[in-house]
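What follows draws every value from the coordinates through simple rules; no lab data is involved. Values in this document were obtained by computation on a predicted structure and should not be read as measured data. No Cβ is skipped: glycine too gets one built from the backbone with ideal geometry, and neighbour counts run over all protein chains shown.
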Amino acid sequence: MISLVYVSSAVHLMSNEELLEVLHISQTNNEKYSVTGMLLYMGGNFMQVLEGPEEGVTAIFEKIKNDKRHFNITVISMEPIVERQFEKWTMAFRNLDEEVAKKESAFSEFLNDEFTADKYREMPERAYRLLLRFREDMR
């Protein structure tokens, strides 16, 4: 099994309806390939973790790379894993723009930053910590 974390930028700020469509498609595709994970959205940027069999994660990521709704798709980390961290969700989702609006202090260290490739490429563990923090909040 592998874990893959990437960031990307939407071609435009997405509405809640568009984000729900992305989530539904993600859940359907991930279930088909036995992939689990989490998708975060903030200010027109995405961060996503995919985990599961290498073939499944690779197949899903190929679909993601061909999706015209976003660009600047940058892999932050890709590592072998022994167990899943997001095993409960074909795809969990958080719109962090809503968190910013609520000014949730528990996430303030992350919400002050954009999901840019440069920031997370230098410190990939920061991206993974962010995803795990939101996973804990959703349990």
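Overview of results
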{"item": "Distant-in-sequence amide H partners of GLY44 (H built 1.01 Å from N, under 5 Å)", "result": "MET14"}
{"item": "Backbone HN-Hα couplings from phi across the stretch 83-93 [Karplus 6.51/-1.76/1.60, Hz, Gly and Pro as x]", "result": "9, 6, 9, 10, 4, 7, 10, 4, 5, 6, 8"}
{"item": "Peptide ranges 54-67, 10-23 listed from the most packed, as the mean C-beta count within 10 angstrom indicates", "result": "54-67, 10-23"}
{"item": "Full-extension gain in nm, MET1 to GLU54, via 0.36 nm per residue minus C-alpha separation", "result": "18.5 nm"}
{"item": "Karplus 3J(HN,Hα) series, Hz, for the stretch 24-35 with 6.51 cos²θ - 1.76 cosθ + 1.60 (x for Gly, Pro)", "result": "4, 4, 4, 4, 5, 5, 5, 4, 4, 9, 6, 10"}
{"item": "Label-point gap, in nm, between GLU18 and GLU31 - each point 7 angstrom along Cα→Cβ", "result": "2.6"}
